[in-house]
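The values are calculated or read from the model by the stated rules, or taken from the named source; none is laboratory data. As the structure is a computational prediction, the values presented were derived from the model and not from experiment. Cβ: placed from backbone, ideal geometry, glycine included. Neighbour counts: every protein chain shown. Side chains are part of the model used for accessible areas, which takes the heavy atoms of the whole protein and leaves out ligands, DNA and RNA. Shrake-Rupley method; radii C 1.70, N 1.55, O 1.52, S 1.80 Å.
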Amino acid sequence: MFPFEVLFPTRVLFGVGELARIGREAKTIGTKALLVTGGSSAKRTGLLDRVCSLLAGEEVPFVLFDRVEPNPRTTTVDAGAALARENGCDFIIALGGGSVMDASKAIAAAALSGRPIYDYMRGNPSGTGKDLVPVQQALPIVAVPTVAATGSEANGISVLTHWETHEKSSINGPGLIPKLAVLDPSLTYTVPPHVTAEACADIFSHLFEAYLISAEGTHVQDGFTETLIRLVAQFSRIAINEPENEEARSTLMWASTLAISPFTLGGRGAGYPLHGMEHTLSGWYDIPHGRGLAILSLPYFEQIILQDRPERLARMGRNCFGVTDEDDLGAARATIEAVSNWYRSMGITQRLSDFGITRDSLLPMARESIRIGGRGADCLTSSRPLYENEILAIYEACH
Ligand code: NZQ
Ligand code: ZN
């Protein structure tokens, strides 16, 4: 296990009904809010009206910015930051899924600095991002997640897309960690089955990626991770079949927050290679992040992990998916089959070509994944370096 630091400063209010506290709590964070939400779901479900009344009830002044798209774009962030500055907002309330929370974090940074958000991003040709990231300061953020997926509500990461260049990459830093997260699982009762499936695939990926290529001796993190994977696989199906099942939605919500936290990741010395490959897909073709991860994960298991770390795949299968084979290679293969069956049971059956992704874009996307995710190296780091050809082979296998 490698040395690690734990920074988990977000104050978390968890439980069905906790949303009712948003007005009183908001008053302790700032004096005028930019309330950020997505284009339609919060209006359709009545949630936006509820939050507006709760804020008004406590006389919290706010300005609404209600146009964050899935896979949020830099242009949207800049518009939100301009609105916050014009109106003198001194904190941000994010009401939505990962896209809204990520956009809100970036708005919080850009509103404070007055700089375009692309200045912060890695692929920016002027290279200014190196001086601005890690982001140390931003307006304070209150996160109210309405999808259990990304863990954005308690981490310092914001994933953005610069649509003109199709760069999708993250900015991060302690300044982006929300001060407060209101985790009310009942806000996810309206999440449709396909978004629940994508969200669960994303939580799973946050858990398995670093686990499968981890340093040795991370026993606490491994046990924690395996418990969360087992629960996500189990409760995903319940949440899809019974959207208002409180136990399932609560379990998924808390699992999603913890999945991308130092409690599962600390000391592993490993990152998120599959996320590096997926962000290019959603940056180029605007596909849902979790679906992209699920599709890519099966050839990634087959071509990389089965060769390099079959004992880890086998262990995940035995401890999380009911695999019983005694020899590691057999158990590793059975694990891939079990994961594939789980995805299928949630309705994830597509190939990349089903999203209009063309074969001739696969090589440029492999190169872009390395340009953005390699952070200066000519590969992504997994159980071994993944060069252009390895990434291309994974894309091709699920095209
Ligand atoms: O856009 P609206 O109208 O709000 O609708 C959304 C969207 O269509 C809808 N939705 C959200 N809450 C709902 C709801 N529908 C019904 N009822 C509700 N309660 O769901 C759709 C998907 O929303 P989105 O926010 O895009 O999903 P998710 O939470 O999966 O976030 C995905 C984004 O987060 C990034 C991804 O790359 C992607 O851009 N990630 C952020 C991370 C982080 N900050 O740590 C890490 C992740 O690995 C990930 O990269
Ligand atoms: Zn993710």
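Taking the conditions exactly as written (open to solvent by less than 20 Å² (accessible area, probe 1.4 Å), more than 20 Å from ASN155 (Cα to Cα), within 16 Å of ligand 2 (Cβ to nearest atom) and outside the structural domain of ALA148 (by TED's automatic domain parsing)), does SER256 satisfy them or not?
On the way: open to solvent by less than 20 Å² (accessible area, probe 1.4 Å): yes; more than 20 Å from ASN155 (Cα to Cα): no; within 16 Å of ligand 2 (Cβ to nearest atom): yes; outside the structural domain of ALA148 (by TED's automatic domain parsing): yes.
No: the conditions fail for SER256.
Based on what the data block shows, is TRP342 within 16 Å of ligand 1 (Cβ to nearest atom), part of a helix (DSSP H, G or I), in contact with a helix residue (DSSP H, G or I) (Cβ under 9 Å, 6 or more places away or on another chain) and among the aromatic types (Phe, Trp, Tyr)? Explain how you work it out, then say what you get.
Working: within 16 Å of ligand 1 (Cβ to nearest atom): no; part of a helix (DSSP H, G or I): yes; in contact with a helix residue (DSSP H, G or I) (Cβ under 9 Å, 6 or more places away or on another chain): yes; among the aromatic types (Phe, Trp, Tyr): yes.
Answer is no for this residue.
Please specify each residue of segment 154-188 satisfying the condition of being closer than 15 Å to ILE260 by Cβ and of a type in the set (A, V, I, L, M, F, W, C). First the steps, then the outcome.
To start, the set of residues in segment 154-188 that are closer than 15 Å to ILE260 by Cβ comprises 154-159, 170, 172, 176-178, 181, 183.
ALA154, ILE157, VAL159, LEU176, ILE177, ALA181, LEU183 - these are the residues of segment 154-188 that are closer than 15 Å to ILE260 by Cβ and of a type in the set (A, V, I, L, M, F, W, C).
Can you say whether ASN87 is open to solvent by 10 Å² or more (accessible area, probe 1.4 Å), at pLDDT 95 or above and either within 16 Å of ligand 2 (Cβ to nearest atom) or among the β-branched types (Val, Ile, Thr) (or both), as far as the supplied structure shows?
On the way: open to solvent by 10 Å² or more (accessible area, probe 1.4 Å): yes; at pLDDT 95 or above: yes; either within 16 Å of ligand 2 (Cβ to nearest atom) or among the β-branched types (Val, Ile, Thr) (or both): no.
Spelling it out, it is not the case that ASN87 is open to solvent by 10 Å² or more (accessible area, probe 1.4 Å), at pLDDT 95 or above and either within 16 Å of ligand 2 (Cβ to nearest atom) or among the β-branched types (Val, Ile, Thr) (or both).
Looking at this structure, is SER261 closer than 25 Å to ILE372 by Cβ, modelled with pLDDT under 95 and in contact with a Gly (Cβ under 8 Å, 6 or more places away or on another chain)? Let's see the steps before the verdict.
Working: closer than 25 Å to ILE372 by Cβ: yes; modelled with pLDDT under 95: yes; in contact with a Gly (Cβ under 8 Å, 6 or more places away or on another chain): yes.
Judged against the criteria, SER261 is a match.
Residues to consider are SER382, SER361, SER353, SER369; find the one that is assigned by TED's automatic domain parsing to the domain that holds HIS206, within 21 Å of ILE229 (Cβ to Cβ) and of a type in the set (S, T, N, Q). Lay out the reasoning, then the answer.
Values: SER361 fails: within 21 Å of ILE229 (Cβ to Cβ); SER353 fails: within 21 Å of ILE229 (Cβ to Cβ); SER369 fails: within 21 Å of ILE229 (Cβ to Cβ).
Every option except SER382 fails the conditions.
Look through segment 156-171, keep the residues that are within 10 Å of the chain's Cα centre (by Cα) and crowded, with 23+ Cβ neighbours inside 10 Å, and return whichever of them is nearest to PRO364 (Cα to Cα). Outline the logic, then answer.
Our first condition is that a residue be within 10 Å of the chain's Cα centre (by Cα); within segment 156-171, this holds for 157-159.
Of the ones still in play, those that are also crowded, with 23+ Cβ neighbours inside 10 Å are 158-159.
Working: SER158: 24, VAL159: 21 Å.
Within segment 156-171, the match that is nearest to PRO364 (Cα to Cα) is VAL159.
Tell me which residues, restricted to segment 371-383, are in contact (Cβ under 8 Å) with a residue 40 or more places away in the chain and either more than 18 Å from ALA210 (Cα to Cα) or surrounded by fewer than 15 Cβ atoms within 10 Å (Cβ to Cβ) (or both).
ARG371, ILE372, ARG375
Give me a count of the residues in segment 100-122 that are open to solvent by less than 10 Å² (accessible area, probe 1.4 Å) and either under 26 Å from GLY376 (Cα atoms) or not in a helix (DSSP H, G or I) (or both).
So the count comes out to 7.
Quick one: in segment 358-370, which of the residues that are under 22 Å from the mean Cα position of the chain (by Cα) and under 17 Å from TRP163 (Cβ atoms) is least open to solvent (accessible area, probe 1.4 Å)? Step through it out loud before you land on a result.
Residues of segment 358-370 under 22 Å from the mean Cα position of the chain (by Cα): 365-366, 368-370.
Right, trim to under 17 Å from TRP163 (Cβ atoms) and you get 365, 368.
Numbers: MET365: 0, GLU368: 23 Å².
Among them, the one singled out is MET365.
Could you list all residues from segment 135-151 that are in contact with a strand residue (DSSP E or B) (Cβ under 6 Å, 6 or more places away or on another chain), within 14 Å of ligand 1 (Cβ to nearest atom) and open to solvent by 10 Å² or more (accessible area, probe 1.4 Å)?
THR146
Regarding segment 11-24, can at least one residue be identified that is among the hydrophobic types (A, V, I, L, M, F, W, C), out of contact with any Gly (no Cβ under 6 Å at 6 or more places or on another chain), assigned to a loop (DSSP other than H, G, I, E, B) and within 16 Å of ligand 1 (Cβ to nearest atom)?
So far as segment 11-24 goes, yes, one or more of its residues are among the hydrophobic types (A, V, I, L, M, F, W, C), out of contact with any Gly (no Cβ under 6 Å at 6 or more places or on another chain), assigned to a loop (DSSP other than H, G, I, E, B) and within 16 Å of ligand 1 (Cβ to nearest atom).
Search segment 44-65 for residues that are over 20 Å from MET101 (Cα atoms) and pair each with any residue that is modelled with pLDDT under 95 and outside any helix (DSSP H, G or I) when their beta-carbon atoms are under 9 Å apart and the residues are at least 6 apart or on different chains.
Between residues of segment 44-65 that are over 20 Å from MET101 (Cα atoms) and residues that are modelled with pLDDT under 95 and outside any helix (DSSP H, G or I), there is no close pair.
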